[in-house]
Amino acid sequence: MSKGPINIDQSNVFSAHSLRELATVHPDLRALAGAVLSIWDLKVSEGHRPQHEQDLHVLEGRSFTPWPVGTHNSRPSDAVHFLPFVGGKFIGWGVKKDFAGDDVPDYEAMYHWYAFAGLVIATAAALHVSGVMESRVIWGGDWDGDWNFKEHKLRDLAHWERVRHG
Ligand SMILES: [Zn+2]
């Protein structure tokens, strides 16, 4: 039986890559990443995204938002990607299949992604209530936050963004 991801002995540390990307994101998302890391190991794969990369994402259908209005395009970035680790390794995506039966490809590993998202959602709520985070967050697996996970054509499970005000 493999060990689960929960690790509260404070032994998780960010990689150099994660720290580099974290330096480009809004302080709220930095606080969230640190709080989640203390429980579940993760990699911060992407923060700010420059124009040439945003153009490529739009071209390949991985983003519907052209430069410069994408949440990754601001400085600091209002969006960040978290990749959950289990046993020191990225859980990956697994085989693409239409598990939901709605003509949108899902990932074999999505159950782990949704478990991880639950932790991030709860942590963000706690940090918001306690005043550590000013903003609320949106998850790329449930863009409107209504807990209906099947209705979205773009399921960006690694994507977390802060709600912009004004
Ligand atoms: Zn994203």
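The values are calculated or read from the model by the stated rules, or taken from the named source; none is laboratory data. Small disclaimer: the values here were computed from a predicted structure and weren't measured. Counting neighbours? That spans all protein chains shown, and the Cβs are built from the backbone with ideal geometry, glycine included.
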Inset, instruction - Test residue 126 against the criterion of being under 19 Å from residue 6 (Cα atoms), under 13 Å from the mean Cα position of the chain (by Cα) and either part of a helix (DSSP H, G or I) or within 16 Å of the ligand (Cβ to nearest atom) (or both), and give yes or no. - result: no
Inset, instruction - Would you tally the residues in segment 103-135 being touching a strand residue (DSSP E or B) at 6+ places or on another chain (Cβ under 7 Å) and under 17 Å from residue 29 (Cβ atoms)? - result: 7
Inset, instruction - Filter segment 34-51 down to residues that are more than 15 Å from the ligand (Cβ to nearest atom) and in a loop (DSSP other than H, G, I, E, B) and give me whichever is surrounded by the fewest Cβ atoms within 10 Å (Cβ to Cβ). - result: 38
Inset, instruction - Within segment 146-166, count every residue that is within 16 Å of the ligand (Cβ to nearest atom) and either farther than 17 Å from residue 107 by Cα or not acidic (Asp, Glu) (or both). - result: 12
Inset, instruction - Output the residues belonging to segment 38-75 that are under 15 Å from residue 22 (Cα atoms) and among the aliphatic types (A, V, I, L, M). - result: 42, 44
Inset, instruction - Select from segment 67-91 the residues that are part of a loop (DSSP other than H, G, I, E, B) and either among the hydroxyl-bearing types (Ser, Thr, Tyr) or loosely packed, with under 14 Cβ neighbours inside 10 Å (or both) and list them in ascending order. - result: 68, 69, 71, 74, 75, 87, 88
Inset, instruction - Just give me the residues in segment 130-145 being more than 15 Å from the ligand (Cβ to nearest atom) and among the β-branched types (Val, Ile, Thr), in sequence order. - result: 132
Inset, instruction - Output the qualifying pairs, or none if there are none: Cβ atoms under 6 angstrom, residues six or more apart or on different chains, first residue in segment 35-63 and closer than 21 Å to residue 90 by Cα, second residue acidic (Asp, Glu) and in a loop (DSSP other than H, G, I, E, B). - result: none
Inset, instruction - Sort out which residues of segment 127-139 are among the aliphatic types (A, V, I, L, M) and either surrounded by fewer than 13 Cβ atoms within 10 Å (Cβ to Cβ) or at pLDDT below 95 (or both), and write them in order of number. - result: 129
Inset, instruction - Would you check which residues across segment 50-91 are over 14 Å from the mean Cα position of the chain (by Cα) and of a type in the set (A, V, I, L, M, F, W, C) and list them? - result: 56, 58, 59, 64, 67, 69, 86
Inset, instruction - Could you tell me which residue of segment 52-66 is surrounded by the fewest Cβ atoms within 10 Å (Cβ to Cβ), considering only residues that are at pLDDT below 95 and of a type in the set (D, E, K, R)? - result: 60
Inset, instruction - Determine, yes or no, whether residue 101 is farther than 16 Å from residue 159 by Cα and either more than 16 Å from the ligand (Cβ to nearest atom) or not in a helix (DSSP H, G or I) (or both). - result: yes
Legend entry - Every residue from segment 66-88 that is among the hydroxyl-bearing types (Ser, Thr, Tyr) and either over 19 Å from residue 15 (Cβ atoms) or away from the ligand (no atom under 12 Å from the Cβ) (or both): 71, 74
